[in-house]
1. Any idea which residue in segment B:37-50 is nearest to ligand 2 (Cβ to nearest atom), counting only those that are polar (S, T, N, Q) and within 15 Å of B:VAL18 (Cβ to Cβ)?
2. For segment A:186-197, indicate whether the set of residues that are open to solvent by less than 20 Å² (accessible area, probe 1.4 Å), modelled with pLDDT under 90 and assigned by TED's automatic domain parsing to the domain that holds A:GLY90 is non-empty.
3. Considering only residues that are open to solvent by 30 Å² or more (accessible area, probe 1.4 Å), touching a Leu at 6+ places or on another chain (Cβ under 9 Å) and within 13 Å of ligand 1 (Cβ to nearest atom), which ones fall in segment B:23-49?
4. So if I check each of A:ILE39, A:ILE28, which one is under 43 Å from the mean Cα position of the chain (by Cα), within 18 Å of A:PHE322 (Cβ to Cβ) and either of a type in the set (A, V, I, L, M, F, W, C) or more than 9 Å from chain B (Cβ to nearest Cβ) (or both)?
5. Given the conditions (1) within 16 Å of ligand 2 (Cβ to nearest atom); (2) open to solvent by 60 Å² or more (accessible area, probe 1.4 Å); (3) more than 14 Å from every other protein chain (Cβ to nearest Cβ), and given that B:GLY12 satisfies all but one, which numbered condition is not satisfied?
6. Look at B:SER127 and say whether it is away from chain A (no Cβ under 14 Å), surrounded by fewer than 20 Cβ atoms within 10 Å (Cβ to Cβ) and more than 22 Å from B:GLY31 (Cα to Cα).
7. Taking into account only those residues within segment B:201-224 that are crowded, with 18+ Cβ neighbours inside 10 Å and assigned to a loop (DSSP other than H, G, I, E, B), which is farthest from ligand 2 (Cβ to nearest atom)?
8. Name every residue in segment B:51-96 that is within 11 Å of another protein chain (Cβ to nearest Cβ), open to solvent by less than 40 Å² (accessible area, probe 1.4 Å) and within 16 Å of ligand 2 (Cβ to nearest atom), in order of residue number.
Amino acid sequence: MLEEEQVAFFLASRLITRGNKGTILLTIMIIAMVFVNLIFLPSIIAGIVVLFNQQNIDYSYGNLVIEPREDQLLITNVKELQQKINRVPGVVASTPRYTGAATIVSKGKSTTPLLIAINPEDEKQVLKIHTGIASGDYLNDGDTGQILIGTTLAGNKDQKVDRTPTLGGVDVGKTVEVTFRNGITRQYRIKGIIASGQFSVDSSAFITRKELESVLGTTDTANQILVKTQMTGNEDAMRITLMQYGIQEKIWTWQDKSADFLKSIVGSFDIINVISTIVSLVIAVVVIFIVIFINTVYRRKQIGILQAIGIDRSIIIKSYIFQALFIFASGTLAGCALLFVLLQYLTASPLVFPGGPVAPVLEPMLLFRAIVSLFIVSLIAGFLPSWLTTREDILSAIRG
Amino acid sequence: MIIGSNLAKIYGKGTVEVRALDGVDIRIRKGEFVGITGASGSGKSTLLHLLGLLDRPTTGTLVIDGVDVGLLGERGRTLFRLNRLGYVFQDYALVPELTAEENIYLPSRVRGMTVKECTRACRDILSLVGLRDRVDFLPGEMSGGEQQRVAIARALVNNPAIILADEPCANLDTRNSTIILDLIRKLNRELKQTVVMVSHEEWHQKYFDRVIVLKDGKIVSGGD
Ligand SMILES: Nc1ncnc2c1ncn2[C@@H]1O[C@H](COP(=O)(O)OP(=O)(O)OP(=O)(O)O)[C@@H](O)[C@H]1O
Ligand SMILES: [Mg+2]
């Protein structure tokens, strides 16, 4: 019966426009705040997770990691394989690496970091390490006798500051001594210091594959090929495509390879996120409910009178639901505006985390969930008090 | 025609029993203007609440215009109030957020008149109670007498057979009381509406066709 809704809407609109503006404004503001609270922290956390994942892709793994076949220790015929990979549709570039431990000594300080042998130009196509040169220069493909040192590995002059074994504050131009696993020792001039913000990179050292092959006496070998694909997110499908194109080496996605501690950090954030969302939601429910409830109870006498002059309770209940929905809609809209301002501000001056600036990520699902839950709460908060008040006997309602 | 038989309203507070209304037989004919009077606490309001279907009697039956209203469900009683009864409260009981016109509009719209019909009925009825120029006033912007006239207009708008008024002049001075009483009497005479009005003012009694006197929940005289 549409007539009933019309009357209910008429009543609701007058109660809102001619009611206490302060109360309504306050209620709308509260809902806006609750809405922001419901969205803000989860979106920051989502931003952190995205940052971590992007860092993993950009500095450690690319999208896919190719490793030697089941029964082999090394990838051989790297050049050929790399060409094969690069021809697969969806692949942007690939870069072979030879990773192993080596002992580095500088002025009596000795430590055993990861030494990664790379094709500097290929790396540029896949990773962003080259953008993180803090001082000195990045490697060239033909470089021999030169090394890049991560800033964490380089360490500080004041060793009390360092939390991991370091080289005690080495700098560009200095020479370090590297002892390889096969016992060969060579001197290297430090060409650059890398400060990428990614711990695994900043605590490693880099030389060219050309250099390493001269040390090991091998040619065209690697123990990893990192692959960059056009899209992030469809790694599983790309893995299958690569297999279909005849790649018989083991293929991992960056998610597979992500360090366990990173996975557990992301996992912890997820838990924080869930808890924070639940708490915000409970607060939202309680606050909205109380505010609308009090507002309705306050009009108890009026509800009694309306019933006394023959207005059916369903009309009264509907008019209170309309009022609650109006408050919900305005509150959510105001919340969106507030959130927008906040996001603009955070885009202009981002929060900086280890690993880089964090941009809040507004997942549509999150927004949807917040809106739906506030909607349901408002519906109940509009319905329940008016339902209860119209259920009691008219005289006690009128007496107030 | 209102026929109440053996109407009683008993409030129980633990072992103490308050017989607010104690076996009342009452008959009110169509078109009558009946006054109910009696000392404070004698049960006047209680009786009017029963007649206005705002409360149910503990025992007894009430038949209004041939309908045994005790048999109606809540929805039926609400509809009955909307269509057949007009209730006027001592404290006007207008919705403060609605203008004079909108207060009257509400019950007529709920009854099913179109917006156009409603607006017309509202204006007509406001003219009838002499408030044509107060159409857009909010209750807070009107005097007590004016508010009570709006309340009467609201009670009248659905052209009810019976108007019930519980001390409608209690908060008004003599001048305004006279206006209200004259108005109610005019409605009673011209529109042939049955009016039952509670009042304990001696001078009001000249308006009534008949006076029912209550004492301790019982009718002392005028019960017919
Ligand atoms: N809800 C209630 N609970 C208990 N007792 C009640 C209730 N309502 C009324 N009473 C009692 O019923 C009796 C009659 O009350 P009622 O309001 O009908 O009196 P009245 O004649 O209208 O008085 P007044 O002239 O003061 O308005 C009083 O003794 C009152 O205390
Ligand atoms: Mg009374």
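1. Looking at the filtered set, the residue picked out is B:SER45.
2. Yes, that holds for at least one residue.
3. Answer for segment B:23-49, where residues must be open to solvent by 30 Å² or more (accessible area, probe 1.4 Å), touching a Leu at 6+ places or on another chain (Cβ under 9 Å) and within 13 Å of ligand 1 (Cβ to nearest atom): B:ALA39, B:HIS49.
4. Only one candidate passes the filter, namely A:ILE28.
5. (1)
6. yes
7. Step by step, filter segment B:201-224, then rank; the result is B:PHE208.
8. Those that are within 11 Å of another protein chain (Cβ to nearest Cβ), open to solvent by less than 40 Å² (accessible area, probe 1.4 Å) and within 16 Å of ligand 2 (Cβ to nearest atom): B:GLY52, B:LEU54, B:ASP55, B:TYR87, B:VAL88, B:PHE89, B:TYR92, B:ALA93.
The values are calculated or read from the model by the stated rules, or taken from the named source; none is laboratory data. It should be emphasised that the depicted structure is a prediction, and the values quoted were computed from it without experimental measurement. All Cβ positions, glycine included, derive from the backbone under ideal geometry; neighbour counts span all protein chains shown. To get the accessible areas, we keep the full protein, side chains included, count just its heavy atoms, and leave off ligands, DNA and RNA. Shrake-Rupley method; radii C 1.70, N 1.55, O 1.52, S 1.80 Å.
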